[in-house]
1. Can you name the residue in the stretch 25-38 that is within 11 Å of the ligand (Cβ to nearest atom) and in contact (Cβ under 8 Å) with a residue 40 or more places away in the chain and is also surrounded by the fewest Cβ atoms within 10 Å (Cβ to Cβ) among such residues?
2. All but one of (1) without any contact (Cβ under 8 Å) to a residue 24 or more places away in the chain; (2) within 16 Å of the ligand (Cβ to nearest atom); (3) in a helix (DSSP H, G or I) hold for E63, so report the exception by its number.
3. Out of all the residues in the stretch 152-167, which are farther than 17 Å from Y19 by Cβ and either surrounded by 19 or more Cβ atoms within 10 Å (Cβ to Cβ) or not hydroxyl-bearing (S, T, Y) (or both)?
4. Residues of the stretch 104-152 being within 13 Å of the ligand (Cβ to nearest atom), free of Cβ contacts under 8 Å to residues at least 12 places away in the same chain and more than 19 Å from the chain's Cα centre (by Cα), which ones?
5. For the stretch 126-151, which positions are of a type in the set (S, T, N, Q) and surrounded by fewer than 18 Cβ atoms within 10 Å (Cβ to Cβ)?
6. Picking from N97, N69, N56, which residue would you name as being closer than 22 Å to I159 by Cα, more than 9 Å from the ligand (Cβ to nearest atom) and polar (S, T, N, Q)?
7. Which residue pairs have Cβ atoms closer than 8 Å, lie 6 or more positions apart in sequence or on different chains, and pair a first residue in the stretch 2-24 that is polar (S, T, N, Q) with a second residue that is more than 9 Å from the ligand (Cβ to nearest atom) and in a helix (DSSP H, G or I)?
8. Against the conditions (1) in a loop (DSSP other than H, G, I, E, B); (2) surrounded by fewer than 17 Cβ atoms within 10 Å (Cβ to Cβ), where does D71 fall short? Just the number, please.
Amino acid sequence: MNKFAIVPGSFDPITAGHYDVIRRAAAIFDHVTVAILVNSEKSGTFRPEHRLEAVNTAIRELEKDGFKNVDARTFHGLTVDAAREVGASFIVKGLRNSADFDYEFGMAEITRRFDHEIETVFIPSSPEYMHVSSTYVREILKYGKGDSGAFAPGTEELIKEFYGKKV
Ligand code: PNS
């Protein structure tokens, strides 16, 4: 049986921490779809098409690194439905700290309630990314601070350009 996973998130924007989790998921599963969840009630900072383009740029870096089993799509609605839509049996989430754990444990329980055949798998954050978040990247951009290590490989210039075009 092919092991097919989604890595869901807002990716507003993708960070180095997301990249690390996607890369490690790609090493475990046969195929990984990065699911960019667009919330109709919360517009986010970056436009969905810009978030997707930044994720696709990071995926091209993964391909250079030998991982050719990753793609990305935007979805509206529930994570569990995104998994079903692409035929994934696994939802992969990165965990940085106990707050992530508390939130994701609840999400995993809800997912199981909706579809007991979809398993949630947690990947612990690498120590260097424990404090990296999309919120942090947006703060860097807002205040013009530099921290290239927070951006997913290949995405810094693009994300800076998109930040200037945000809605
Ligand atoms: O990158 P984030 O913001 O931590 O991602 C959170 C996300 C988008 C994965 C999460 O909020 C989510 O799954 N949203 C979709 C709505 C959903 O499935 N809710 C489940 C409870 S009903």
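The values are calculated or read from the model by the stated rules, or taken from the named source; none is laboratory data. Quantities reported herein were computed from a predicted structural model and do not represent experimental measurements. Methodologically, a virtual Cβ is constructed for each residue, glycine included, from the backbone with ideal geometry; neighbour enumeration extends over all protein chains shown.
1. My answer is L37.
2. Of the numbered conditions (1) without any contact (Cβ under 8 Å) to a residue 24 or more places away in the chain; (2) within 16 Å of the ligand (Cβ to nearest atom); (3) in a helix (DSSP H, G or I), the odd one out for E63 is (2).
3. Correct list: E161, G164, K165, K166, V167.
4. Passing the criteria: E109, R112, R113.
5. Correct list: S126, S133, T135, S148.
6. None of the other options fit; the residue is N56.
7. If the second residue must be more than 9 Å from the ligand (Cβ to nearest atom) and in a helix (DSSP H, G or I), the pairs left are S10/R51; T15/Y129; T15/Y136; T15/V137; T15/A150.
8. Going through the list (1) in a loop (DSSP other than H, G, I, E, B); (2) surrounded by fewer than 17 Cβ atoms within 10 Å (Cβ to Cβ), D71 breaks only (1).
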